[in-house]
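Here the structure is laid out as structure tokens; the discussion comes afterwards.
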Amino acid sequence: MLIRVPPLHGLHDRDATPQALFSRRRLALAGLAAGLVAETQRVWAQAAGPCNEISPPVALADKPTEAPDFLGYNNYFEFSTDKKAVRHLAQELDTSNWLLTIEGEVEKPLVLDMDRLRQGLSTSERIYRLRCVEGWSMVVPWSGIPLCSLLALVRPTSKAKFVEFVSLSRPSQMIGQRSKASAIQWPYREGLRIDEAMHPLTLLATGAYGQPLAKQNGAPVRLVVPWKYGFKSAKAITHIRLRDARPETSWNRLSPSEYGFYGNVNPTVPHPRWSQARENPIGEVRKRPTLAFNGYAEQVAHLYSGQDPLTLY
Ligand SMILES: Nc1nc2c(c(=O)[nH]1)N[C@H]1C(S)=C(S)[C@@H](COP(=O)(O)O)O[C@H]1N2
Ligand SMILES: [Mo]
């Protein structure tokens, strides 16, 4: 697989030392070779490639949801099932010293120090629709890097057919993870097929509305897959694991008939308990029709040619 990283995601000169990207101490703790740092930087600096080929990504006529709604109405079950309580409870979480590990079926596993990475990274801006499986929607201006540019650094092996995303497990700071009543088995897990993960629309977001991600929105780093229901876009990711088999994912495990592994937005396939034909844009009075692949059919439908829409959900 030939994948390169676009120069856009290089480091600022000021930060162009291996130490700016990775903490050697942590790499050593993680048992990874120090030479990897230099090698990673070399690959990163050289890079140019297909990750930003969709440009402009997607023109959206919709105006972004008001920031207070994005910041105050959240699904984040590690804290609460009460969407308005999440923003308060999430402030308990200490997101500093965050390590993101990329491992599994790769030639060059990586541990990224998110504090340092964020300082050195030039990010792309992407305004995307977000459609929750529950029937509400938002339009969010994200900033981040295409997942594909990060995966290029670790060089997936030919066995890498799926990508697993694991969110933080830290019951001491996540009150919902301490609840005995919680339906989800922690940590929160999600997954994509490798071609979905490599698609240029798939973003690892570190910010939104021109600010670093708020805790309630998944700081310091979350996935954004705009053509899929929101539950696929895992927050607070600590591990990205390339795998040869389809990973078990949290919602699918809990209720496969309600939450498919694919989770592609599809107005023609109802959730067992409600229709998916329309949606309620947060901040608007009227409902709107839901679009196939959440409006991104032109960009992504080819990934699923020959697949049954029901299995896609
Ligand atoms: N770790 C984690 N990620 C998660 C969730 C969650 O409960 N835990 N909820 C998902 C769901 S259902 C949605 S709709 C979006 C909501 O993102 P937002 O609160 O930033 O709008 O996050 C997704 N990512
Ligand atoms: Mo959701």
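So, in segment 78-88, how many residues would count as being in contact (Cβ under 8 Å) with a residue 40 or more places away in the chain, within 15 Å of ligand 2 (Cβ to nearest atom) and either open to solvent by 50 Å² or more (accessible area, probe 1.4 Å) or more than 27 Å from Val163 (Cα to Cα) (or both)?
Filtering segment 78-88 for residues in contact (Cβ under 8 Å) with a residue 40 or more places away in the chain gives 78-81, 86-87.
Still in the running and within 15 Å of ligand 2 (Cβ to nearest atom): 78-81, 86.
Of the ones still in play, those that are also either open to solvent by 50 Å² or more (accessible area, probe 1.4 Å) or more than 27 Å from Val163 (Cα to Cα) (or both) are 81, 86.
Of the residues in segment 78-88, 2 are in contact (Cβ under 8 Å) with a residue 40 or more places away in the chain, within 15 Å of ligand 2 (Cβ to nearest atom) and either open to solvent by 50 Å² or more (accessible area, probe 1.4 Å) or more than 27 Å from Val163 (Cα to Cα) (or both).
What is the one condition in (1) open to solvent by less than 20 Å² (accessible area, probe 1.4 Å); (2) under 22 Å from Glu103 (Cα atoms) that Asn217 does not satisfy?
(2) is the only condition that Asn217 fails.
Determine whether segment 293-303 contains at least one residue that is within 13 Å of ligand 1 (Cβ to nearest atom), of a type outside the set (Phe, Trp, Tyr) and open to solvent by less than 70 Å² (accessible area, probe 1.4 Å). Quick ask: steps written out before the conclusion?
Step one: filter segment 293-303 for residues within 13 Å of ligand 1 (Cβ to nearest atom), giving 294.
In the following step, the residues that additionally are of a type outside the set (Phe, Trp, Tyr) were identified as 294.
Then drop every residue that is not open to solvent by less than 70 Å² (accessible area, probe 1.4 Å), which leaves 294.
Yes, there is a match, as at least one residue in segment 293-303 is within 13 Å of ligand 1 (Cβ to nearest atom), of a type outside the set (Phe, Trp, Tyr) and open to solvent by less than 70 Å² (accessible area, probe 1.4 Å).
Any idea which residue in segment 201-214 is farthest from ligand 2 (Cβ to nearest atom), counting only those that are part of a loop (DSSP other than H, G, I, E, B) and open to solvent by 10 Å² or more (accessible area, probe 1.4 Å)?
Step one: list which residues in segment 201-214 are part of a loop (DSSP other than H, G, I, E, B), which gives 201-202, 209-210, 213-214.
Retained after the next criterion (residues that are open to solvent by 10 Å² or more (accessible area, probe 1.4 Å)): 209-210, 213-214.
Values: Tyr209: 19, Gly210: 24, Leu213: 17, Ala214: 17 Å.
Only one residue tops the list, namely Gly210.
Going residue by residue through segment 122-144, is there one that turns out to be surrounded by fewer than 16 Cβ atoms within 10 Å (Cβ to Cβ), more than 16 Å from ligand 2 (Cβ to nearest atom) and in contact (Cβ under 8 Å) with a residue 60 or more places away in the chain?
Yes, segment 122-144 contains a residue that is surrounded by fewer than 16 Cβ atoms within 10 Å (Cβ to Cβ), more than 16 Å from ligand 2 (Cβ to nearest atom) and in contact (Cβ under 8 Å) with a residue 60 or more places away in the chain.
Pairs, please: C-beta under 8 Å, at least 6 apart or cross-chain, first residue in a loop (DSSP other than H, G, I, E, B) and in segment 153-170, second open to solvent by less than 10 Å² (accessible area, probe 1.4 Å)?
Listed by first residue and then by second, the contacts come to Thr157/Leu242; Ala160/Leu242; Leu168/Glu78; Leu168/Leu93; Leu168/Met174; Leu168/Ala236; Leu168/Ile237; Arg170/Leu93.
Considering only residues that are more than 15 Å from ligand 1 (Cβ to nearest atom) and among the aliphatic types (A, V, I, L, M), look in segment 188-204 and name the one that is farthest from the chain's Cα centre (by Cα). Walk me through it before giving the result.
From segment 188-204, those more than 15 Å from ligand 1 (Cβ to nearest atom) are 193-201; that's our starting set.
Filter again for among the aliphatic types (A, V, I, L, M), leaving 194, 197-198, 201.
Details: Ile194: 14, Ala197: 9, Met198: 12, Leu201: 11 Å.
Checked segment 188-204; the qualifying residue farthest from the chain's Cα centre (by Cα) is Ile194.
Kindly state which helices (runs of 4 or more DSSP H) lie completely within segment 250-313 and contain at least 2 residues that are closer than 24 Å to Ser167 by Cα.
On the way: elements: 250-254, 297-300, 309-312.
In segment 250-313, 250-254 are the helices (runs of 4 or more DSSP H) which contain 2 or more residues that are closer than 24 Å to Ser167 by Cα.
Across segment 236-249, what is the number of residues that are in contact with a Gly (Cβ under 7 Å, 6 or more places away or on another chain) and closer than 17 Å to Leu117 by Cβ? Before you say what the answer is, go through the steps one by one.
Initial filter on segment 236-249 (in contact with a Gly (Cβ under 7 Å, 6 or more places away or on another chain)): 236, 241-243, 246-247, 249.
From what's left, closer than 17 Å to Leu117 by Cβ: 236.
The total comes to 1.
Which is part of a helix (DSSP H, G or I), of a type outside the set (D, E, K, R), open to solvent by 30 Å² or more (accessible area, probe 1.4 Å) and within 16 Å of ligand 1 (Cβ to nearest atom), of Gln177, Gln173, Gln185, Gln91? So that I can check it myself, show each step before the final result.
Numbers: Gln177 fails: open to solvent by 30 Å² or more (accessible area, probe 1.4 Å); Gln173 fails: part of a helix (DSSP H, G or I); Gln185 fails: part of a helix (DSSP H, G or I).
Residue meeting the stated conditions: Gln91.
Across segment 215-233, what is the total count of residues that are within 13 Å of ligand 1 (Cβ to nearest atom), under 21 Å from Thr311 (Cα atoms) and outside any strand (DSSP E or B)?
Count: 7.
Would you point out which residue out of Pro267, Pro272 is out of contact with any Asp or Glu (no Cβ under 7 Å at 6 or more places or on another chain) and either more than 15 Å from Val225 (Cα to Cα) or hydrophobic (A, V, I, L, M, F, W, C) (or both)? Give the derivation first.
Values: Pro272 fails: out of contact with any Asp or Glu (no Cβ under 7 Å at 6 or more places or on another chain).
Every option except Pro267 fails the conditions.
Let me spell it out: the conditions are (1) at pLDDT 55 or above; (2) open to solvent by less than 80 Å² (accessible area, probe 1.4 Å); (3) over 19 Å from the mean Cα position of the chain (by Cα), and Val58 meets all of them except one. Which number is the exception?
Unmet for Val58, out of (1) at pLDDT 55 or above; (2) open to solvent by less than 80 Å² (accessible area, probe 1.4 Å); (3) over 19 Å from the mean Cα position of the chain (by Cα): (3).
Can you give me the number of residues within segment 215-233 that are of a type in the set (Ser, Thr, Tyr) and away from ligand 2 (no atom under 14 Å from the Cβ)?
Let us first name the residues in segment 215-233 that are of a type in the set (Ser, Thr, Tyr), namely 229, 233.
Okay, now just the ones that are also away from ligand 2 (no atom under 14 Å from the Cβ), so none.
Count: 0.
The values are calculated or read from the model by the stated rules, or taken from the named source; none is laboratory data. No experiment lies behind these values; they were computed from the predicted model shown. Heads up, the Cβs are rebuilt from the backbone with ideal geometry, glycines too, and the neighbour counts pull from every protein chain shown. Accessible surface is based on the protein model in full, side chains and every heavy atom, while ligands, DNA and RNA are left aside. Shrake-Rupley method; radii C 1.70, N 1.55, O 1.52, S 1.80 Å.
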